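Before any comments, here is the structure.
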Amino acid sequence: MENIVRCPICENKQLADMMQVEDYFLTHESFHLSKCSRCGFLITNPRPVASDLSKYYQSTDYLSHSKKKKSATSMLYNLVKNYSLGKKYQLITRFKTPGILLDIGSATGEFLHYFNKKNWTVTGIEPAETPRGFSIETYGLHVLQEEKIDQLPAGHFDVVTLWHVLEHVPDLNGRMEQISKLLAPDGLLVIALPNHLSWDAQHYGNYWAGYDVPRHLYHFTPDTISKLLSKHGFEIFKTEPMKFDAYYVSLLSEKYQSGKSNFLAAFRNGLKSNKSAKHRNANYSSLIYLAKKINN
Ligand SMILES: [Zn+2]
């Protein structure tokens, strides 16, 4: 285990233990979350050392969501995924015409494949061998191992996307520097993240599936992602909700809490979360942040 002694965003050394969360998804080990007393950033601390992290991904579930099992949960997941691809395309093409796109953490490649079909030139980065191999064989995509990110040409990409990926990356500042280097001066950065200030996060507490420890090393809010981005020369110009995530995360959280798939309760709580965000604070369960380089 590795103890984090400085806040990755503001370098402050005062990190207070906030809560204990279990890895309900895989190992049932317990982890702690600590919060920076200055900027409020919430992190998994201590966390497994980088070389140990892969064992927390060794479940067939991460891939089978898209390909294998036909459980009600994974069918719902697939339905939403296909709908979301269209929504993501619409969102990005409001700001960018077809160009060159890099997706970091491209998983099984459906997002890249969608853009590729619409005349975008696409590249993926995917550390896990199985999904990377799948995306290359099934869709003929250009998907590289994580180490290859440093060999990509600087200023080359019109769009860089990270869909529920940044919260998994151990070297947060190093990765942000790479992204800043790769993105064209007028490029678009798209980051999707869970938001622990959402109604569903407050409701489920320690059982909230969006914590997903220790795979999620960082737990962002609209405020903390904005601080991280501004530290690296970016500003958020638009924030979009991912409304389906409230239902999906509620369904998983129900399962963690009761051991059962309570569809009705999950639906009710997903609805409540979206309603609360809409009427009060815009703290949706997951949010998409669109950012550009400052001075551009
Ligand atoms: Zn801080």
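Read-outs: derived from the displayed coordinates by stated rules, not from any lab. It should be emphasised that the depicted structure is a prediction, and the values quoted were computed from it without experimental measurement. Please note: Cβ atoms are built from the backbone with ideal geometry, for glycine as well, and neighbour counts cover all protein chains shown.
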Label point 7 Å out from LYS231 along Cα-to-Cβ: which residues of segment 1-37 have amide N under 17 Å? 3-16, 34-37
Filtered hits (aspartates and glutamates, Cα-Cα < 12 Å from LYS231, offset >= 8 within chain) -> GLU11, GLU177
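Taking the Cα centre of segment 81-140 as the origin, how large is its charge dipole in debye, to the nearest 20, when only Lys and Arg (+1) and Asp and Glu (-1) carry charge on their Cβ atoms?
Details: 8 positive and 5 negative charges, 89 e Å.
Around 420 debye, computed over segment 81-140.
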Give the aspartates and glutamates reachable from LYS118 as a straight Cα distance under 18 Å; neighbours fewer than 8 places away on the same chain don't count. ASP103, GLU110, ASP158
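In terms of the Cα gyration tensor, with a ≥ b ≥ c the square roots of its eigenvalues, is segment 141-226 rounded because a/c is under 1.5, prolate because a/b exceeds b/c, or oblate? Mind showing how you got there, number by number?
Values: a/c = 2.70, a/b = 2.00, b/c = 1.35.
Prolate is the answer for segment 141-226, as a/c is 1.5 or above and a/b outweighs b/c.
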Taking only DSSP H segments of four or more residues, each worth -39500 (n - 2.57), what value at 222 nm results for the chain once the sum is divided by all its residues, to the nearest 500 deg cm²/dmol? -10500 deg cm²/dmol
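Quick check: net charge around ASN281, other residues with Cβ under 14 Å of its Cβ, Lys/Arg +1 and Asp/Glu -1? Walk me through the numbers on the way to the answer.
Working: positive: LYS272, LYS275, LYS278, ARG280; negative: ASP200, ASP223.
Neighbourhood net charge equals +2.
What does the net charge come to around PHE95 if you take all other residues with beta carbon closer than 11 Å to its beta carbon, with K and R at +1 and D and E at -1? List each step's numbers first, then the result.
Details: positive: ARG94, LYS96, LYS238, LYS292; negative: ASP158, ASP186.
Net charge in that neighbourhood comes out at +2.
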Residues other than LYS35 with Cβ under 14 Å of its Cβ, Lys/Arg counted +1 and Asp/Glu -1, net out at +2
Can you work out ³J(HN,Hα) from phi for every residue in segment 145-155, in order, using Karplus 6.51 cos²θ - 1.76 cosθ + 1.60 and θ = phi - 60°, giving whole Hz and x for Gly and Pro? 5, 4, 4, 6, 4, 5, 8, 6, x, 5, x
Take the Cβ-Cβ distance between SER258 and ASP17 as r, set R0 to 30 Å, and report the resulting FRET efficiency rounded to the nearest 0.05. 0.65
Please give the contour-minus-distance gain from ASN82 to PHE267: 0.36 nm per residue of separation, less the Cα-Cα distance, rounded to one decimal in nm. 64.7 nm
Treat each spin label as a single point 7 Å out from the Cα along the C-beta direction, and report the LYS118 to PHE95 distance in nm. 1.4
Label the chain by shape, choosing from rounded, prolate and oblate, from the square roots a ≥ b ≥ c of the eigenvalues of the Cα gyration tensor; if a/c is under 1.5 it is rounded, and otherwise prolate applies when a/b is larger than b/c, oblate when it is not. rounded
With a Förster distance of 25 angstrom and the Cβ-Cβ distance between SER71 and THR138, calculated FRET efficiency to the nearest 0.05 equals 0.70
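Just the ratio, please: alpha-carbon radius of gyration of segment 195-277 over 2.2 N^0.38 Å, N its number of residues. Mind dumping the intermediate values first?
Values: Rg = 14.0 Å, N = 83, 2.2 N^0.38 = 11.8 Å.
Taking N as the residue count of segment 195-277, the ratio is 1.19.
Taking the Cα centre of the chain as origin, work out the dipole magnitude from +1 charges on Lys and Arg Cβ and -1 charges on Asp and Glu Cβ, in debye rounded to 20. Walk me through the numbers before you get to the answer.
Values: 35 positive and 28 negative charges, 227 e Å.
That gives the chain a dipole magnitude of about 1080 debye.
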Going toward the positive end of the dipole of segment 16-55, with +1 on Lys and Arg Cβ and -1 on Asp and Glu Cβ, which of SER54, THR27, GLY40 do you reach last? GLY40
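Rounded, prolate or oblate: which fits segment 1-45, taking a ≥ b ≥ c as square roots of the Cα gyration tensor eigenvalues, rounded meaning a/c under 1.5, else prolate when a/b beats b/c? Mind dumping the intermediate values first?
On the way: a/c = 2.84, a/b = 2.23, b/c = 1.28.
Note, shape of segment 1-45 comes out prolate.
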Using only alpha carbon pairs under 8 Å that are at least six residues apart, calculate the relative contact order of the chain and give it in whole percent. 17
